[in-house]
Each structure stands twice: as C-alpha cells, then as structure tokens.
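Down below is the structure, laid out as structure tokens.
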Amino acid sequence: MKPTAISLFCGAGGCSLGFKQAGYSILYANDKDVAAVETYKKNFPDTLCSHEDIDNLDFNEIMMTVDLRPGELDILVGGPPCQGFSTAGARFWDDPRNYLLKSYIRALKTINPKWFIMENVEGLLTSNEGKYVFEAASAFTELGYDIRIEKIYSQEYGVPQRRKRVLIVGNRLGHDFKMPEPTLNVSGQIFRNSDVTISHAINSLPSAASDKFQVLKPLDVLPVDNFDLLLRGNSAEITDHYFPEIKGIQLERIIALKPGQTMKDLPLRLQHESFKKRANRRVADGTPTEKRGGAPSGLKKLHANEPCLTITGAATRELIHPVEDRPLTIRESARIQTFPDTFNFCGNASQKIQQIGNAIPPLLARIFAEHIKDDYDFNAKAISSGKMLGFLLTKANAMSPALKRTELLLGGLLNNNKDQQGNLFE
C-alpha cells in the first residue's frame, strides 16, 4: 500500500511530483494561486486539488473527503511563505500577518500526520531576528513532533542549481531523523564545483524557438545519462522553449557579458539607468551600498560548467544562457528545477516562470520522500513528546550576527528551554 501525502501551498506541484515519483499517493493539494492550481490539476488529474486561502480550509472536512481519520495520514508536505515582518514577543500569534503559519499549525493539529516537511527560503532563519523560526519550532514540538531544521544546498543532491532552502522535518513516531546524505560532492566558493551542471540540464534540448506558439520535437539522440533521461521523460514534444526578440542596447549588454559577469561588469554606457541609481544609493547613516551587500546585479551570464544560479521568477529576464546571446527559456528553467519535459505549465509566461521559481525541485523532494519511506517508517507507535533533534543553519565557515541570534534561540529549544506558548491552540 502506498504511503499517503497531502500538499499545502502546493504551487505547480514540484514537491508532489517528487513524492509521486517516490511511490506516494497524493490525496489532496491546495494553493491560493489560480494559475498554479490550474497547472497542478493538469499534471495531477487523480489528486483532489482546491483553490483556496488556507485560512478558509476546513481540515476536518478535507479528511472526511479523502477518507482518512486524524492521525492516519503519513506525511503533510509544503510550508507557508515566511512573511518577514511578524510581530515579536507575546503578540506573535495574535498578529494577523502570521495567519499563514498559524493556519499551518492548525492543519498539523487537526490532520495529525505522522510526518511533515516544511520548506522555506533561507530568510526564514533570520526573519524577525530569528523569532519566526523559533516560534514555529516551538509550536511543532508542542504538538508532539520531533523536529530537525537545516539549510539544504540543492546542488549537493544533484539539482543543477545553486539553491539554498530551509527544511523543517518532523515526526511524532519517535524517530531520530537525520537529513539524507548528499548524493554529490560539491566544492569551491558557494559550491560552484559540481558533477551536475547547467549543461547537463539543458544541452539535450533542441534550439530555442523565437515564436512562443511553436512546439518543438525532442532531439533524436540517445540520453547522455540517467539525469538526462529523467528530464526528457517520454515527452513527444517540447513546449515553452522560446525567447522573445532581443535587440538594441539590451542585445549589446548580453553580447558584452562574459560567463560569471553581471551588470556591474559592463561599461557605464550599457548599464541600465535604474541600475546606476540603485548602485549609487546611500542610506541615512551614510553607509555606501558596496558595504551593504553590493549593487543589484541585473543581468547575469551563466557558466556552462557550473550549477545554475537560483531559478526565480526573474530567471527568463535576468539569467543569460551560458553560450547563446539570450536569456533562459521557461523550459530550460523548468529543467534546471528538475521538472521533466512532460510537465506542462498553465498561465501566461510571467505566471509560468513564477510557478517554476517558487517550486521545490522535484528531484530534491523525491530524495527526501525516499529517505523517509525507505530508511524510517510510518508504522511505529506515537511515542514522541516533542523535541528539537538538531539544527544546521549554514555550512559556511563563518556565521552572521543574524544567524548567531537564531542559533541562540534554537539552542535554548534544543536544551528544552522552551518559552510558554499560552493558549496557542485553543
């Protein structure tokens, strides 16, 4: 019998795809983004998927609909976006801006899954001086989950992309869970050196079209390796593999860029006016921009033999193909996120790339899904009282003051020095 999963904040379905590939049955999914839900339904026709704000969901009704009782679901996947400006202190759970996290906690309490995986951007670790992740972790342990929090580097798991995300994994079965071991050795500055690069992801695609309505045929060549085979799937056609016409100064900029270079490396005459203004801005205390993390990079020319930079909703505007003088296409971005060519996206171009950028890479989700299914189980008795198993905030040699504050908060939780949450679940 297949293990069961429910996906909240499902987006286009990157996490669901990974879990489906690992042999899970996805019973229900939800997101409030219309185009993402349309994409999800197209690619997961057997899964009940709703378009609704999580605050409006009746989880008891959902459990009845999918014929499960509380405590029977094997895993809940997906995590609420971190709002980044939540109120500190005792009012945290009263602040309406934290309703997404509060609704997620409500889902966990009602559904009571055996496991959960919450994914978020790395900014979760420092949001509101670390109090956001601390409050979330405290709530999870209070519900009886043993949790582990780690910053995950996707390129270590074979994703051809330098993508850092935070994963919180919890179980109430008493397992001393540890994250799966990386599948690749990566090295160098911010893990630039890897055996899987952007070239591995996109080189077997046909030449990109200049017409967005043109449907291309896959190249009639044998797959290079299993990774290439995974991305091709059994697709008979290639969609969303096009780029708009580029001319004038924008084309000059792209031609002038060398691999690894960004807008700041261009001659002043080619730099965008808005870039020059932002590059020279000052803050009230007079600190120059270059001492505040640097000027915005704008266009970025990619290296063919490195993992890609992080795919975001701006990838098809800002990330320049490592060999050709054009931005990445939607399909190339999807492949770099490890979506196979058989996965089709709905909506306009902007909505499609946003769905891709927001997604959990299916390959990463699959590795975690298999790790939980194969190395642990769903049948142990619920013996956990809820505790922090451990955390890893960075693999860098140094830790920022912001991360040190978070380390102090989570360290207190690790030592069972939890703050009282009051009547959070009443």
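The values are calculated or read from the model by the stated rules, or taken from the named source; none is laboratory data. Note that this is a predicted model, so its numbers are computed, not measured. Here the Cβ is made from the backbone with ideal geometry for all residues, glycine too, and neighbour counts use every protein chain on show.
The table below lists the values:
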| item | result |
| --- | --- |
| Segments classed as helices (runs of 4 or more DSSP H), wholly inside region 197-297, with at least 1 members that are surrounded by 13 or more Cβ atoms within 10 Å (Cβ to Cβ) and modelled with pLDDT of 85 or more | 198-202, 226-232, 248-256 |
| Residue check, Ser235 under 28 Å from the mean Cα position of the chain (by Cα), outside the structural domain of Gln161 (by TED's automatic domain parsing) and hydroxyl-bearing (Ser, Thr, Tyr) | yes |
| Some residue of region 53-74 being among the charged types (D, E, K, R), under 18 Å from Asn358 (Cα atoms), in the same structural domain as Val166 (by TED's automatic domain parsing) and free of Cβ contacts under 8 Å to residues at least 60 places away in the same chain | yes |
| Those residues of region 136-167 which are of a type in the set (Asp, Glu) and without any contact (Cβ under 8 Å) to a residue 60 or more places away in the chain, in sequence order | Glu156 |
| Test for Ala90: is it of a type in the set (Gly, Ala, Ser), in the same structural domain as Ala380 (by TED's automatic domain parsing) and either modelled with pLDDT of 95 or more or under 23 Å from the mean Cα position of the chain (by Cα) (or both) | no |
| Some residue of region 170-184 being closer than 18 Å to Leu319 by Cβ, surrounded by 13 or more Cβ atoms within 10 Å (Cβ to Cβ), in contact with an Asp or Glu (Cβ under 9 Å, 6 or more places away or on another chain) and of a type in the set (Ser, Thr, Tyr) | no |
| Where Pro70 falls short, out of the listed (1) surrounded by 15 or more Cβ atoms within 10 Å (Cβ to Cβ); (2) out of contact with any Pro (no Cβ under 6 Å at 6 or more places or on another chain) | (1) |
| Single residue of Lys32, Lys20, Lys41 found to be crowded, with 21+ Cβ neighbours inside 10 Å, charged (D, E, K, R) and at pLDDT 95 or above | Lys20 |
| Pairs, first outside any strand (DSSP E or B) and at pLDDT below 90 in region 390-404, second among the hydroxyl-bearing types (Ser, Thr, Tyr) and surrounded by 13 or more Cβ atoms within 10 Å (Cβ to Cβ), C-beta under 9 Å, six or more apart | Lys395/Tyr153 |
| Selected residue [closer than 30 Å to Val196 by Cβ, surrounded by 22 or more Cβ atoms within 10 Å (Cβ to Cβ) and not basic (Lys, Arg)] from Val121, Val159 | Val159 |
| Test: Lys352 is buried (at least 18 other Cβ atoms within 10 Å of the Cβ) and within 18 Å of the chain's Cα centre (by Cα) | yes |
| In region 106-145, the residues that are in contact with a helix residue (DSSP H, G or I) (Cβ under 8 Å, 6 or more places away or on another chain), in a helix (DSSP H, G or I) and closer than 25 Å to Glu370 by Cα | Ala107, Leu108, Ile111, Ala137, Phe140, Thr141 |
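One line per residue, one yes/no per condition, for (1) under 21 Å from Ala136 (Cα atoms); (2) surrounded by fewer than 18 Cβ atoms within 10 Å (Cβ to Cβ):
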site: Ile367; (1), (2): no, no
site: Asp377; (1), (2): no, yes
site: Ser385; (1), (2): yes, yes
site: Met388; (1), (2): yes, no
site: Met399; (1), (2): no, yes
